[in-house]
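*Asks:* Please read through the structure below; I'll follow up with questions.
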Amino acid sequence: MRKNSNNIGQAIILAAGEGQRLSPLTASCPKVMLPLGGKPILQHVIEALVQNGIRRLLIVVGYHREQIQDYFGSGNDFGAEIRYVIQERQLGTAHALKQAQDLAEERFIILSGDNIVSSEAIRDLLDMDELAVLGKKVIDKNMLGRGLVQIKEGKVHQITEDILPSTEGLINTGIYVMDREIFNYIGTELDLPRVITGMIEQGKIVSCRETTNRWFDVIHHPDLLSLNNIVLQDLTASLGGVIETCNAIKGKVSIGKGTTIRANCYIIGPVSIGDNCEIGPDVCILPSTSIGNNTVIAPFTILKNSLIFNNVNIGYNSTVEDSIISSGTIIRGHFTAYSGRTTRYIEGLGQKEIEMGAVIGNDCMIEDGINIRPGVSVGNCSSIKAVKIINENIPDGSIVI
Amino acid sequence: MCGIIGYVGYRDARPILLNSLKRLEYRGYDSFGIAIDNGHIAIFKDVGVVANSEGEIPLVKGKIGIGHTRWATHGVVNKINAHPHTDCHNRIAVVHNGVIENFQQLKESLLAEGHNFVSDTDTEVIPHLIEKYYTGDLEYAVGKALEYLTGTYAIIVMAKDCPYLIAARRGSPLIIGRDDKQNFIASDVTAVLDYTNRVIYIDDNEICRVSQEELKVCRNKKVIIKEESTIPWTVEETQKSGYAHFMLKEIHEQPKALENTFRGLISSIEPEINVISRQSKDSDILLLGCGTSYHAALVGEYLFNKLCHMVVRIKTSSEFNSCNMALNKTEVIGITQSGETADTLAALKKARNLGCRTIAITNVPESSVTRVAENVFYTRAGIEIGVAATKTFLAQLLSLYLLAVSYDSLDVRTRQDLINEMRMLPAKVQQVINSERAIASHAQSISNSDNVFFIARGINFAIALEGALKLKEISYIHAEAYSAGELKHGPLALIGPKTPVVAIVPQDDTYSMMLTSIKEIKARNAPILALADESDRTIGQFVDHTIYIPQIDTLFSPFLNTVALQLLAYYVAIERNCSIDRPVNLAKCVTVP
C-alpha cells in the first residue's frame, strides 16, 4: 500500500446512473453493480483507489442505490470508509458531483463507478500536483462515444462532448483531480466536462495526464464479456468449498466458500465461481467464465466465456457460450445459447457486426429444450415454454408459449 | 430489561461508556446513566437517549467506570430511578439488568438498619447490601450480598479507589470483552465490538473480578478457567450503510440472511437435509415462541402438519409456562431470536424437566438458550438492531422449513422440488424488495387510518398476524389480523369505509374463499389492499390497491408476503413520521418474564 504524493485521501465516485444501453441487465441492477470477474464493476474501482491509499469514499448513488449500499455497507470489508450521497434524479455528472458538496474535502479525485480502472492508472493522475484530468489514447473506436480532451500548450484547452473520429486528442476518462473550488463553477450546469471547460475559460489551469495503464468503459453487452476476460487475468486462484475427487482444475480458478464442485468436472481458468454454488457432476467450464453466488450448474453442461450472475440455475445438458445470464433466472435442461456473428443496432454506432451468444435478463423462467440464436436478448421476468428456437429479442415480462 | 457496560483500562472511560451505551440502546432507552471514578465516584444520569444529553455530561476524567441504559420495570422513568445506584456514602455504584424479586423485604430490613434509599427501584438494594459487607474487599462484599438476592441479575459494581470492577450474573446476559491493557464488561457483544472481538461469555452464578490487566472468574468460590471466543461480526454490521433506519437495512439483508442460513445444508443433487434428526418416529411436536417468533411457530405448525403429518401443538412461551400441558414423547422447539427471551428460556427449562427433548432456534451464538436446549439450530441472519424483527423472522421460517424437510417422510421427488424451491428463495425475496417503490406507494392508503385489519387463510394467516404486528410496532396504528373465515363471526361489525383491510390472496386453494371474504368486505365499503400473485388478472376488479408478489409454490409464499408487509409497515411508519428503530415502550430482547 502506498500513500500518494499529493495527499489526496478522498474520492467522489459517481455511481447514480442506470446504464440503459446494457438493458435488460440494468433493469433491476445499476450498471456499477454488474459483476465482472466475480466482483461488481464498482468494487474494481474501489480496490484500485484503496491500493492508492484513498480510503475515504463518497459514493453518489441514485438508481437502485440500495443494491450498492447492501453490498458495500460502511466499506469496512473493503478497507474503506464509505459515505453515501443521494442524487434523486440522474440529471448529469456535474449535478451528481454537486450533491457531494457538503461532504467533499479540500482536494479529491472524481471517478465514474462504472469504468474499469487499474490502480496504476489512478496513480498516474495522483502524481500531478495541480488540477488534472486523466486522458487515454483512442485504441478502440467503440470508445468514441465519449468526449475528447483537447490540449493547447501542454494544458487542457477544452473538453468536448461529441467528437468526430478525426479529431485530435485524448479520450476523457472522466477521472479528475479537483479541489472544492469546482463547486463554485457548477451553477446550473449539468455535465462535468462543460463545467471544467468553463473553469478553464475563466482562467483556471487544468493539466492532462495521459495514461497507458488500464482504463475501460463498459458500454455495450460485448464489452462486458471482453472486460470480464481482462479482469479475470488478475484473478487470484483460491479453492474454497468442497471439491470432490476426479475433478480437473487447471489455470487460475477461484472457488468461493460453501461451494461444492461435484465429481468429474473439468474447469480451465481463468474462471471465478462465487459462494454457495453447486457445480456438476460432469460439468465443463472453459476460460473466462464468471459465476456468481448461490448458482447451480447441473450435470453435463458446458459453459464458455460467459457471465453468470447470482442465484441462477442452469439445467443439465446445456451449452452456454459467450453469453450473459442475469440473477435469479432458472433454465431447465437442454438449453443452448451458442456464439456467432450477427449484426445489431448499437446506439451511436449504427448497425454493427458483433460476435456473441445470448443475453438473458433477471428472474426468467426458461423451460426445457430452448435454443437461442446469437445476439438475441431475453427481457427480464420473461417466461419461455418448452422446446423452441428463439430468433429475436424478447421484451421484459413476456410469456413465450 | 436494560443494557449494562463497564470499562477498566488505560483510556478515558467517558467516551467509551457513552459509545457503548448507544450500541446497547436497542435493549432499552428510556433513561441512562454513567459512573466514573476520578477520586470520587462521579455520576451522571438523564432521561431519554444518550445522544440527546451528550453535551451536558461533564468531562470527567477517569479510567474506570460503568454505565446503564434502562427500560423501566420497577419505578417510573426519571433521573432518580436511572442507574447507576449507590450506597449511602457514594462509595459503591451498581448497574443492574434483571429483576430482584425479594427487594421489598431486603429494602425494609436495610431501612431498619439505617440505610438511606432514594429511588423506587429494585436495584438500589444491591449497593446497600454490598455496603453492609464492604470493608475494603469488594469481591468478598459482592459475593456476600448476592447470597441474599433472589431473582435475575447481571450486575457490574465499582467502588471508590478500587482498581477493579466486579461483575456477576444469574439469568441475565453478561460478557467480558478482552483486550491488551483494557477490559470491557457488557450485556452483549455489540457494546464492545468497536474495541475488541475477543469475548468471554459469563455463565450463571459466576462472579468476575476485572482489572486493567487481569480477569478472574469464580464459581462457588473457586477460580475457573473460561474459554475466549472470537466474534466474526464486525462493527460494520451494526451500522446503517446509507439507510435511514436499521429496519430498512435489515429488510434488504434478507436474501443474504436466507442464503447464509441454508448454506451447506441443501443440495440440488442429494435430496437429504441433515439438520437435526428426529428422535423417534412416533414423537409429536410442540412449538414455542413469543411475538414474531410465535408467528414463525404458527407457520411451522402448518408446515409440520402438511409435510410430516405429525401431531403439532403450538403455544406462546408465556402461556405454556402458565398451563399444564400434557407432554409425552414430545419434541419441544423453542424459537428465540436473541436466545435470551426470558419466557422461552423458562418454557424450555420446564419442558426439559418434564423429560422432553428440546430444540432451540436462535440467531445468537452462545446465548443463554444454547445452554438450556439440548439441540440448537442457528439462523445465520447476522446481528439485528432494529427492534422490529425482520431478517431474523425470515431466517427462523427457513430453519423450520429445513427442519420439516429433514423430518418428513416425503418421496424423493417432492423433497428435491422443495429443496430447489428453497434455493431460489433469495432471488424471489430480492424481487419483492426490488418492488419497494411500488409497495411504498400504497402506504398512503393506510397511513391515515386508526384501525387496519389483516386477513388471510391457511399458511399465510400467520403472516397476516406478523404483518399486523409490524404495523403496530412501528407505526402505532391499531392493527388486527383475522383468519378470513373468522370475519363473519364478529370482526365484520367493525368494518367500514374507515377501516382498510389488507388481504393476502395467493393463487392456492384458499383463493376462492378469500375472494368471497373480499366481496363481503367490499359490501361494507372498506378499502382493500390485496397481496396477490403477479399472474392474477382478476383481483384488480374486487380491490382498491394491489401489491403483486412473484409466483412461488404456496408453501413458500409466506416468505414473500412477509417481506411485502414489512416494507408496507415501514413506509406507513415513514408517512406517519414514527421513530422506526426505537418504537415507544418496546425493546429488542425481552429478558424479563
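*Asks:* Return only the number of the condition from (1) in contact with an Asp or Glu (Cβ under 8 Å, 6 or more places away or on another chain); (2) open to solvent by 20 Å² or more (accessible area, probe 1.4 Å); (3) not aromatic (Phe, Trp, Tyr) that B:Asn375 does not satisfy.
*Replies:* The one condition B:Asn375 does not meet is (1).
*Asks:* A further question on this structure: In region B:283-305, what count of residues is obtained for those that are closer than 11 Å to B:Leu400 by Cα and not in a helix (DSSP H, G or I)?
*Replies:* Number satisfying all stated conditions: 1.
*Asks:* Among the residues of region A:331-346, write down those that are farther than 15 Å from A:Val387 by Cα and either within 14 Å of another protein chain (Cβ to nearest Cβ) or free of Cβ contacts under 8 Å to residues at least 60 places away in the same chain (or both).
*Replies:* Across region A:331-346, the qualifying residues are A:Tyr338, A:Ser339, A:Gly340, A:Arg341, A:Thr342, A:Thr343, A:Arg344, A:Tyr345.
*Asks:* Among the residues in region B:536-551, are any in contact (Cβ under 8 Å) with a residue 60 or more places away in the chain and aromatic (Phe, Trp, Tyr)? Show your work before the answer.
*Replies:* We begin by selecting, within region B:536-551, every residue in contact (Cβ under 8 Å) with a residue 60 or more places away in the chain; these are B:544-545, B:547-550.
Subset that is aromatic (Phe, Trp, Tyr): B:548.
Yes: one or more hits.
*Asks:* Taking region A:331-388 on its own, how many of its residues are in a strand (DSSP E or B) and open to solvent by 10 Å² or more (accessible area, probe 1.4 Å)?
*Replies:* Residues meeting the conditions: 19.
*Asks:* Also: Before we move on, is A:Leu225 in contact (Cβ under 8 Å) with a residue 40 or more places away in the chain and out of contact with any helix residue (DSSP H, G or I) (no Cβ under 6 Å at 6 or more places or on another chain)?
*Replies:* yes
*Asks:* If you don't mind, another one. For region A:256-272, give me each residue that is away from every other protein chain (no Cβ under 11 Å) and in contact (Cβ under 8 Å) with a residue 24 or more places away in the chain. Show your work before the answer.
*Replies:* Filtering region A:256-272 down to residues away from every other protein chain (no Cβ under 11 Å) leaves A:261, A:264-272.
Those that are away from every other protein chain (no Cβ under 11 Å) and in contact (Cβ under 8 Å) with a residue 24 or more places away in the chain: A:Gly269, A:Pro270, A:Val271, A:Ser272.
*Asks:* Please pick out the residue among B:Ala145, B:Ala191, B:Ala167 that is more than 28 Å from the chain's Cα centre (by Cα), surrounded by 21 or more Cβ atoms within 10 Å (Cβ to Cβ) and away from chain A (no Cβ under 14 Å). Write out each step before concluding.
*Replies:* Working: B:Ala191 fails: more than 28 Å from the chain's Cα centre (by Cα); B:Ala167 fails: more than 28 Å from the chain's Cα centre (by Cα).
The match here is B:Ala145.
*Asks:* Out of all the residues in region A:52-69, which are more than 12 Å from every other protein chain (Cβ to nearest Cβ) and touching a helix residue (DSSP H, G or I) at 6+ places or on another chain (Cβ under 6 Å)?
*Replies:* Once the filter is applied, which keeps residues that are more than 12 Å from every other protein chain (Cβ to nearest Cβ) and touching a helix residue (DSSP H, G or I) at 6+ places or on another chain (Cβ under 6 Å), region A:52-69 yields only A:Asn52.
*Asks:* Any residue in region B:190-217 that's assigned by TED's automatic domain parsing to the domain that holds B:Gly171: show its pairings with residues that are of a type in the set (S, T, N, Q) and not in a strand (DSSP E or B) at Cβ separation under 6 Å, as long as the two are six or more apart or on different chains.
*Replies:* B:Thr190/B:Thr238; B:Ala191/B:Ser20
*Asks:* Got a number for residues in region B:425-472 being acidic (Asp, Glu), away from every other protein chain (no Cβ under 12 Å) and either surrounded by fewer than 24 Cβ atoms within 10 Å (Cβ to Cβ) or without any contact (Cβ under 8 Å) to a residue 24 or more places away in the chain (or both)?
*Replies:* 1
*Asks:* Condition first: among the β-branched types (Val, Ile, Thr) and not in a loop (DSSP other than H, G, I, E, B). Now tell me which residues in region A:8-31 satisfy that.
*Replies:* So in region A:8-31, the residues among the β-branched types (Val, Ile, Thr) come out as A:8, A:12-13, A:26.
Listed by number, the residues that qualify are A:Ile12, A:Ile13.
*Asks:* Still on this structure, please answer the following. Do we find that A:Glu355 is among the acidic types (Asp, Glu), assigned by TED's automatic domain parsing to the domain that holds A:Asn247 and free of Cβ contacts under 8 Å to residues at least 60 places away in the same chain in this structure? Lay out the reasoning, then the answer.
*Replies:* Details: among the acidic types (Asp, Glu): yes; assigned by TED's automatic domain parsing to the domain that holds A:Asn247: yes; free of Cβ contacts under 8 Å to residues at least 60 places away in the same chain: no.
Considered against the rule, which asks whether it is among the acidic types (Asp, Glu), assigned by TED's automatic domain parsing to the domain that holds A:Asn247 and free of Cβ contacts under 8 Å to residues at least 60 places away in the same chain, A:Glu355 comes out as no.
*Asks:* Identify, from the list A:Leu126, A:Leu190, the residue that is open to solvent by less than 40 Å² (accessible area, probe 1.4 Å) and either at pLDDT 85 or above or aliphatic (A, V, I, L, M) (or both).
*Replies:* After applying the criteria, what remains is A:Leu126.
*Asks:* Taking B:Thr152 and the conditions (1) in contact with a His (Cβ under 8 Å, 6 or more places away or on another chain); (2) among the hydroxyl-bearing types (Ser, Thr, Tyr); (3) more than 14 Å from chain A (Cβ to nearest Cβ), which numbered condition does it fall short on, given that it satisfies the others?
*Replies:* The number of the failed condition is (1).
*Asks:* Of the conditions (1) more than 21 Å from the chain's Cα centre (by Cα); (2) modelled with pLDDT under 90, A:Gly145 clears all except one; give me its number.
*Replies:* Only one criterion in (1) more than 21 Å from the chain's Cα centre (by Cα); (2) modelled with pLDDT under 90 is unmet by A:Gly145, namely (1).
*Asks:* Only residues that are assigned to a strand (DSSP E or B) and over 13 Å from A:Tyr316 (Cα atoms): list them for region A:281-298, please.
*Replies:* Scanning region A:281-298 gives A:Ile285, A:Thr289, A:Ser290, A:Ile291.
*Asks:* Quickly run through region A:299-315 and pick out the residues that are within 11 Å of chain B (Cβ to nearest Cβ) and farther than 17 Å from A:Cys364 by Cα.
*Replies:* Of everything in region A:299-315, just one residue is within 11 Å of chain B (Cβ to nearest Cβ) and farther than 17 Å from A:Cys364 by Cα, namely A:Pro299.
Results for (1) open to solvent by 70 Å² or more (accessible area, probe 1.4 Å); (2) out of contact with any strand residue (DSSP E or B) (no Cβ under 6 Å at 6 or more places or on another chain), shown as yes or no for each residue.
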position: B:Leu248; (1), (2): no, yes
position: B:Ser277; (1), (2): yes, yes
position: B:Asp284; (1), (2): no, no
position: B:Thr292; (1), (2): no, yes
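*Asks:* Okay, moving on. I want to confirm something. Restricting to region A:261-278 and keeping residues that are within 25 Å of the chain's Cα centre (by Cα), of a type outside the set (D, E, K, R) and under 25 Å from B:Leu425 (Cβ atoms), which single residue is surrounded by the most Cβ atoms within 10 Å (Cβ to Cβ)?
*Replies:* Across region A:261-278, the extreme among qualifying residues is A:Ser272.
*Asks:* Taking region A:70-111 on its own, how many of its residues are within 11 Å of chain B (Cβ to nearest Cβ) and either in a strand (DSSP E or B) or without any contact (Cβ under 8 Å) to a residue 12 or more places away in the chain (or both)?
*Replies:* Here the count works out to 11.
*Asks:* Name the residues in region B:64-83 that are in contact (Cβ under 8 Å) with a residue 60 or more places away in the chain, part of a loop (DSSP other than H, G, I, E, B) and buried (at least 19 other Cβ atoms within 10 Å of the Cβ), would you?
*Replies:* B:Trp71, B:His83, listed by residue number.
*Asks:* Mind listing whichever residues of region A:18-32 are away from chain B (no Cβ under 14 Å) and small (Gly, Ala, Ser)?
*Replies:* Across region A:18-32, the qualifying residues are A:Gly19, A:Ser23.
*Asks:* Could you grab me the full set of residues in region B:11-44 that are in a strand (DSSP E or B), of a type in the set (Phe, Trp, Tyr) and open to solvent by 30 Å² or more (accessible area, probe 1.4 Å)?
*Replies:* The one that is in a strand (DSSP E or B), of a type in the set (Phe, Trp, Tyr) and open to solvent by 30 Å² or more (accessible area, probe 1.4 Å): B:Phe44.
*Asks:* Oh, and also: Only one of B:Asn90, B:Asn102 is farther than 25 Å from B:Asp203 by Cβ and touching a residue at least 12 places away in the same chain (Cβ under 8 Å); which? Give the steps one after another, and end with the answer.
*Replies:* Numbers: B:Asn102 fails: farther than 25 Å from B:Asp203 by Cβ.
So the residue among B:Asn90, B:Asn102 that is farther than 25 Å from B:Asp203 by Cβ and touching a residue at least 12 places away in the same chain (Cβ under 8 Å) is B:Asn90.
The values are calculated or read from the model by the stated rules, or taken from the named source; none is laboratory data. Just so you know, these numbers come straight off a predicted model, no measurement behind them. Please note: Cβ atoms are built from the backbone with ideal geometry, for glycine as well, and neighbour counts cover all protein chains shown. In case anyone asks, the SASA skips ligands and DNA or RNA and just uses the protein heavy atoms, side chains included. Shrake-Rupley method; radii C 1.70, N 1.55, O 1.52, S 1.80 Å.
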